[in-house]
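Below is one structure, written out as structure tokens, with a few remarks after it.
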Amino acid sequence: MVEFTAPGSPTTIAAGIEQCAVAQGNVSALVVPWESDRRTLSMAVTAVKGEGWAIEHTNLGTIQLTDLGGERTRVAIAGAHPDHPETQKLAVLFERFAQQVQKQFQSATHAGQE
């Protein structure tokens, strides 16, 4: 699990994470409203395979965005537990995405402190 604090509201951070997923192209990151509340947004990260109507999503992990107040958000990224060889290969994809998110949003934190 990776945890860090990022500047901005959970909604703003979620939109940025969704953009990171679109830029990467082979993952999807979406807010899961029924697993979210007023203080915390939960996002599902999936691998995307196929196109058109035949799109397959494989769960890679979750991202929890918790409002700390003062335009600060705690970001907690946790991968799914790989249960077979194909999922283990996808874990590498998730780790790469998690590192990209951490680099982008943690860099914003450090830039704001300088």
In the range 1-58, the residues that are hydrophobic (A, V, I, L, M, F, W, C), more than 18 Å from Arg74 (Cα to Cα) and not in a helix (DSSP H, G or I): Val27, Ala47, Val48, Trp53, Ala54, Ile55
Residues satisfying the stated conditions in the range 15-42, i.e. farther than 14 Å from Thr66 by Cα and among the charged types (D, E, K, R): Glu18
The range 96-114, residues that are at pLDDT 80 or above and of a type in the set (S, T, N, Q): Gln99, Gln100, Gln102, Gln104, Gln106
Residue check for Ala23: surrounded by fewer than 17 Cβ atoms within 10 Å (Cβ to Cβ), among the hydrophobic types (A, V, I, L, M, F, W, C), under 12 Å from the mean Cα position of the chain (by Cα) and over 13 Å from Phe105 (Cβ atoms): no
Residue match in the range 78-95 (condition: part of a loop (DSSP other than H, G, I, E, B), surrounded by 15 or more Cβ atoms within 10 Å (Cβ to Cβ) and modelled with pLDDT of 85 or more): no
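The values are calculated or read from the model by the stated rules, or taken from the named source; none is laboratory data. Everything numeric in this text was worked out from a predicted model, so none of it was measured. In this analysis, Cβ positions are derived from the backbone assuming ideal geometry, glycine residues included, and neighbour counts consider all displayed protein chains.
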